[in-house]
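Worksheet: one structure, shown below.
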Amino acid sequence: MHRGAIEVLELELVEEMLILFPPFYVVAARKLDFMRPQICAPGRSHFSTAVEPSSSKSNPPRVPNLIGGRFVDSKSSTVIDVINPATQEVVSQVPLSTDEEFKAAVSAAKKAYPLWRNTPITTRQRVMLKFQELIRRDMDKLALNVTTEQGKTLKDAQGDVFRGLEVVEHACGMATLQMGEYVSNVSHGIDTYSIREPLGVCAGICPFNFPAMIPLWMFPVAVTCGNTFVLKPSEKDPELALEAGLPEGVLNIVHGTHVCDHLDIVNSICDDDDIKAISFVGSNVAGMHIYSRAAAKGKRVQSNMGAKNHAIVLPDANVDATLNALVAAGFGAAGQRCMALSTVIFVGDAKSWKAKLVERAKALKVNAGTEPDTDLGPVISKQAKERIHKLVKSGVESGAKLLLDGRNIVVPGYESGNFIGPTILSDITTNMECYKEEIFGPVLLFMEADSLEEAISIINSNKYGNGASIFTTSGVAARKFQTEIEAGQVGINVPIPVPLPFFSFTGNKASFAGDLNFYDNVVCCSLVEPFDPILEKNTQRIALQTLYLKEDKDEEPKEDLEILVSFIMMTLRRKKNPK
Ligand code: NAD
């Protein structure tokens, strides 16, 4: 096949495969209660957010595998139900891919690799260009899928797709990012150059909370670099990833979880000798297991894990903008974001801040994600809800004050949904379980500190280091925070400082394991010669976002903040900001 033919074929396939696949039905899908993922997980804590198989309506669609360019129904009779968290309706069923299916997916990826890596980078870019066009075209449909499976509001779901789309757009410019280095005449008549090469078959293991964005963090960059890919979406909301499209075998999708007495697809991915690199996003138990198991097999692994993101509020912070930011970051997406704000540390007098925050949090509308004007939807599963309840209870039992309790909320029309209203606990101390554990729900913790130094030291002592923010109008304080804080993403008057794809998404301490950060084009390429081993090994990246540093407290930067907040996907838009 000559090159022109390959290009045409690729574009046609992209289009074809992006059309929603027809549902696959089976006569009798057997549900096995013992398949609950958390039961067999090595070291899984009782705070698991894993789904449980539920009672299913008859014949829900089965999510197929994507192997060698074809959607194929799994032969497996072991399934996990995908449940709409607002209604408990079984949206679909995920059969756990069999060992043969997993091997077929890896083998398809391996077979596709030589042709794909030799396909010109311009052609690979063009596939991404087409892909981004199709994602834009289907944005609303994709967002609705996300809301149905995952529960977040439609606006949040659109943000989910949009942030993934930005990575695809970034991959469209891969050619220049792939440039190597060259020095002539390093010795008499000898020139040296380094080039970036793809690794081979790469794999991605995804969490439930960003079913569009996180798969799109993973495979677009990897495949545009010339790798082929095996993706395992979250078993809790897997369908969206199936709508991606590339030439036969370049992208393969398998399903499953981690269980002891059956195929453990996660371990299969870690152990398979043909898989050269793994991108993982999810909790720490899973992430550290995958990191150590796969690294022991010599794979390149990047593991983005749990978080406990803090914000420091100084007395000189702009009141209205700070309150907006804290409420949006604390309760948006029902707190199920790795960059959600979970702890606020007030320096100085906290009383009026607390009262105002409670007032604003109370005004948020809790409802199904599909309902208009919803500020926060349900949490992913009954187990997740129970786990959040337990953590709140344990906080109260250890002396925290419950300033706002959203645990008993009932949403009319969605009485069986996994809803939790905004919840606020104050008087938190660092030894409390609710502080030590990632809550991953709409719960905000309040702490107090006498000085900026003390607040920074609390944050630096926390085991996690995904993100941290400060709210202040003092440039001196902001700079001190920026230089002393131990977190991957640092925000100054920005609540959730998530960098765009031309930076990379990072993490610090227990929030990240690996050497190379996400959607950096270096991730999925090997270098023939490392270009700067000393720098690579001895530095870590920090993504910093600064909104404003103003001396004038009365001048409100609300507009700017709102633009940025929506830009970074915070979608709790408030029509009026109560004072
Ligand atoms: P999870 O760890 O339960 O699941 C993630 C993936 O790992 C799934 O595909 C699942 O099948 C697999 N898995 C689960 N438990 C496992 C185990 N014990 N052994 C091996 N594999 C296992 O995570 P989740 O509940 O889907 O997602 C929420 C978590 O993800 C939170 O901790 C959140 O902070 C984290 N997260 C982190 C980032 C980041 O960039 N740092 C982004 C999004 C989510």
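List of remarks:
- Subset of the range 463-498 (residues that are over 18 Å from VAL347 (Cα atoms) and either in contact with a Ser or Thr (Cβ under 6 Å, 6 or more places away or on another chain) or assigned to a helix (DSSP H, G or I) (or both)): TYR464, GLY465, ASN466, THR483, GLY488
- Here GLU448 does not fit the description of being in contact (Cβ under 8 Å) with a residue 24 or more places away in the chain, under 19 Å from ASN284 (Cα atoms) and open to solvent by 10 Å² or more (accessible area, probe 1.4 Å).
Here's the yes/no breakdown for (1) within 24 Å of ILE439 (Cβ to Cβ); (2) at pLDDT 95 or above; (3) open to solvent by less than 10 Å² (accessible area, probe 1.4 Å); (4) more than 10 Å from the ligand (Cβ to nearest atom):
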position	(1), (2), (3), (4)
ASP261	no, no, no, yes
CYS270	no, yes, yes, no
ILE275	no, yes, yes, yes
GLY282	yes, yes, no, no
ALA286	yes, yes, no, no
ALA294	no, yes, yes, yes
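- Selected residue (only one of ALA317, ALA311, ALA325 is over 17 Å from PHE518 (Cα atoms) and part of a helix (DSSP H, G or I)): ALA325
- Residues in the range 308-342 that are of a type in the set (D, E, K, R) and either open to solvent by less than 10 Å² (accessible area, probe 1.4 Å) or within 14 Å of the ligand (Cβ to nearest atom) (or both): LYS308, ARG337.
- Flag for GLU248 being modelled with pLDDT under 90 and under 22 Å from the mean Cα position of the chain (by Cα): no
- Inclusion of GLY348 among residues that are of a type in the set (Gly, Ala, Ser), under 30 Å from VAL319 (Cα atoms) and open to solvent by less than 10 Å² (accessible area, probe 1.4 Å) is not warranted.
- Condition check for GLY413: open to solvent by less than 20 Å² (accessible area, probe 1.4 Å) and farther than 21 Å from LEU445 by Cβ: no
- Residue identified as within 30 Å of MET305 (Cβ to Cβ) and open to solvent by 10 Å² or more (accessible area, probe 1.4 Å) among PRO215, PRO198, PRO220: PRO198
- Checked across the range 168-182, the condition of being within 16 Å of the ligand (Cβ to nearest atom) and within 18 Å of the chain's Cα centre (by Cα) holds for no residue.
The values are calculated or read from the model by the stated rules, or taken from the named source; none is laboratory data. In this text, all values refer to a predicted model and were calculated from it rather than measured experimentally. All Cβ positions, even for glycine, are placed from backbone atoms using ideal geometry, and neighbour counts span all protein chains on display. For accessibility, only protein heavy atoms count, side chains too; no ligands or nucleic acids. Shrake-Rupley method; radii C 1.70, N 1.55, O 1.52, S 1.80 Å.
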